[in-house]
Amino acid sequence: MRYRTRTSRTAVVLAAATALAAGLLAGCAEDSDEPGGSSGGGGDGGGGKGKTTLTVGVFGAFGLQEAGLYEEYEELNPDIDIKQNSVQRNENYWPALLTHLSSGSGLSDIQAVEVGNIAELTGTHSGKLVDLGRTKGVDKGAYLDWKWQQGTTDDGKTIGLGTDIGPTGICYRKDLFKKAGLPTDREEVGKLWAGDWNKYLEAGKRFKEKAPEGTAFVDGATGVMAAVHGSGKEKFYDAEGDLVYKDSAGVKEGWDLAAEFAEAGLTAKLQQFQPSWDQAFSNASFATVTCPPWMLGYIKDKAGDKGEDQWDVAAAPKPSNWGGSFLTVPEAGKNKEEAAKLVAWLTAPKQQAKLFDKRASFPSAEAAYTLPEVKDAKNAYFGDAPVGQIFAKAAEGVPVQPIGPKDGIISQYLADTGMLGVDQKGTSPDGAWDKAVKTIDNALDQ
């Protein structure tokens with residue numbers, strides 16, 4: 001199984017993660033500064049006599065082309081040619097996509113959308129996108145309910161079909177756990193904190209009592225906060241779409257718990273996807289980190305050969321989701337019917353299982369979990385952990401959580417302006433909260 005890094009909690013994390021993946025893009029996709037690339041909305045030119053060229057706009061090393069899915073579809077459909085246009089960073093891709101949707105020009109036949117942006121489309125731009133729920137071959141029952149709902153408007157129009165999700169576990173170092181007197185078997189480790197994030201905190205305190213010199217229990221407080229926020233039924237918005245992060249019980253739980261981690265000295269005070277974080281994997285500086293499937297490849301890359309079979313993965317205290325994407329079809333496209341057929345095929349369970357096998361993009365189609373590529377998947381680097389089964393169980397338990405149009409901004413500033421100060425500078429939690437709220441309010445007013 002090969003792994004890729006693409007999705008993330010915020011635009012800042014995505015920028016770093018896709019920078020890592022930039023090398024994968026060479027020779028795999030046409031880079032462009034625009035989500036529609038040079039296609040100008042598709043058409044049947046350039047595909048050879050009698051052929052239709054379908055253009056697919058993506059960000060980062062999206063994985064569909066790298067997994068050979070385009071080539072397979074072209075073999076099954078000789079009258080179709082597929083051309084991918086890739087923008088490396090979502091923070092460049094997304095604003096351009098919004099501009100082109102508004103103008104109705106410069107679009108690919110198919111446009112990828114990151115989960116942090118999907119609510120803005122369902123809320124304000126659904127009229128510019130095809131209802132993919134009506135496409136032949138699309139089976140709503142094959143998908144996880146919460147993922148399907150993310151791409152569906154309040155009035156039932158499904159504008160995005162999910163390609164992947166990021167159900168989380170806890171990756172941990174067995175060698176550090178053993179030295180600290182904690183169990184190392186993944187089932188026993190999962191029992192340490194099963195069902196309660198506060199038990200994760202208590203496990204950290206136990207670790208600290210006998211921790212090897214120079215090591216911390218967790219990488220940083222911001223990662224803890226985001227994991228807790230992702231595991232609740234409500235985060236920044238309520239079911240009616242109202243902004244509630246200031247009063248949300250789930251947001252408060254995540255903030256308070258992360259602050260406890262920081263103040264108890266359980267963190268390595270690291271910011272994720274920064275060079276110091278990368279180096280800490282190599283140096284075995286911390287014992288645990290929240291990890292979706294795609295993170296396993298990142299850890300392997302940064303920890304290197306000396307980390308093999310030292311890392312393992314257990315269930316998280318509560319199921320959470322970190323990342324995921326959708327495919328959409330703009331109404332302005334010239335090949336809407338063929339584009340919708342391709343989206344339906346790419347996101348079908350069988351193809352999602354193949355994508356997981358080749359690129360570690362975990363399926364959003366629940367029906368894929370019984371297929372061998374998922375059900376039997378193990379990771380040798382992580383002690384032959386049955387990652388397909390671990391992450392499938394997590395995926396099925398992820399709550400249906402309302403996503404709002406500014407989730408990414410709120411998450412970013414709560415972490416970078418708020419909790420990072422508590423963790424790295426010793427700022428009081430109340431003071432850091434006030435600073436983060438002020439920054440968020442200013443950003444939302446713009």
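The values are calculated or read from the model by the stated rules, or taken from the named source; none is laboratory data. The structure presented is a predicted model; accordingly, all values stated were derived computationally and were not measured. When we count neighbours, we look across all protein chains shown, and the Cβ atoms used for this are built from the backbone with ideal geometry, even at glycine. Quick note on the areas: whole protein, heavy atoms, side chains included, nothing else; ligands and nucleic acids left out. Shrake-Rupley method; radii C 1.70, N 1.55, O 1.52, S 1.80 Å.
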Checklist entry - With respect to the cross-link table entries LYS205/LYS269; LYS157/LYS246; LYS235/LYS341; LYS174/LYS302, which display a Cα-Cα separation exceeding 27 Å? => result LYS157/LYS246; LYS235/LYS341
Checklist entry - Does the stretch 339-404 classify as rounded, prolate or oblate by the C-alpha gyration tensor (a ≥ b ≥ c root eigenvalues; a/c under 1.5 gives rounded; else a/b over b/c gives prolate, otherwise oblate)? => result oblate
Next on the checklist: I'd like the distance separating the alpha-carbon centroids of the stretch 79-146 and the stretch 374-446, in whole Å.
Outcome noted: 23
Checklist entry - Just the accessible area for THR439, please: 1.4 Å probe, Å², rounded to the nearest 10? => result 40
Checklist entry - With every protein chain present, what accessible area does LEU371 have (1.4 Å probe, heavy atoms only), rounded to the nearest 10 Å²? => result 50
Checklist outcome for this item: Taking a straight Cα-to-Cα line shorter than 16 Å from LYS210, and setting aside same-chain aspartates and glutamates fewer than 8 residues away, one finds ASP175, GLU202
Checklist entry - Taking Cα atoms, how many degrees apart are the long axis of helix 293-303 and the longest axis of the chain, rounded to 10 and kept between 0 and 90? => result 60
Next on the checklist: How far apart, in nanometres, would the label points at LEU444 and SER103 be if each is projected 7 angstrom from Cα along the Cα-to-Cβ direction?
Outcome noted: 3.1
Checklist entry - Can you give the convex hull volume of the alpha carbon atoms of the stretch 194-316 per residue, in Å³? => result 119
Checklist entry - What whole-number value in cubic angstrom gives the convex hull volume per residue for the C-alpha atoms of the stretch 350-446? => result 160
Item to check | Centroid-to-centroid separation of the stretch 161-205 and the stretch 295-318 [C-alpha atoms, Å] | outcome: 12
Item to check | FRET efficiency, VAL400 to HIS125 (Cβ-Cβ, R0 25 Å, nearest 0.05) | outcome: 0.70
Checklist outcome for this item: On the accessible surface of the chain, probed at 1.4 Å with all protein chains in place, carbon and sulfur together account for a percent value of 45
Checklist outcome for this item: Helix 11-25 sits off the longest principal axis of the Cα atoms of the chain, rounded to the nearest 10 on a 0 to 90 degree scale, by 60
Next on the checklist: Using 29 Å as the Cα-Cα cut-off, could you pick out the over-long pairs in LYS83/LYS128; LYS318/LYS358; LYS140/LYS300; LYS199/LYS252; LYS393/LYS425?
Outcome noted: LYS140/LYS300; LYS393/LYS425
Next on the checklist: Run lengths n ≥ 4 of DSSP H only: what is the helix-derived mean residue ellipticity at 222 nm for the chain, with -39500 (n - 2.57) per run over all residues, to the nearest 500?
Outcome noted: -12500 deg cm²/dmol
Next on the checklist: So if each residue of separation counts as 0.36 nm, and I subtract the Cα-Cα distance between ASP238 and GLN279, what length gain in nm does that give?
Outcome noted: 10.9 nm
Item to check | log₁₀ of I(q)/I(0) at q = 0.07, 0.08, 0.14 Å⁻¹ - the chain, Debye sum with one point per alpha carbon | outcome: -0.33, -0.43, -1.30
Checklist entry - What figure in square angstrom, to the nearest 10, would you give for the accessible area of GLU66 with a 1.4 Å probe? => result 50
Checklist entry - How far, in nm, would the chain grow between ASP79 and ARG206 when pulled straight, counting 0.36 nm per residue and subtracting the alpha carbon separation? => result 39.5 nm
Checklist outcome for this item: Note, ALA315: beta-carbon cut-off 10 Å, +1 each Lys/Arg, -1 each Asp/Glu, net +3
Checklist outcome for this item: Counting only residues 5 or more apart in sequence or on a different chain, those whose built amide H sits under 5 Å from that of ALA385 are ASN379
Checklist entry - Ordering THR152, THR55 by how much accessible area each has at a 1.4 Å probe, largest first, what is the list? => result THR152, THR55
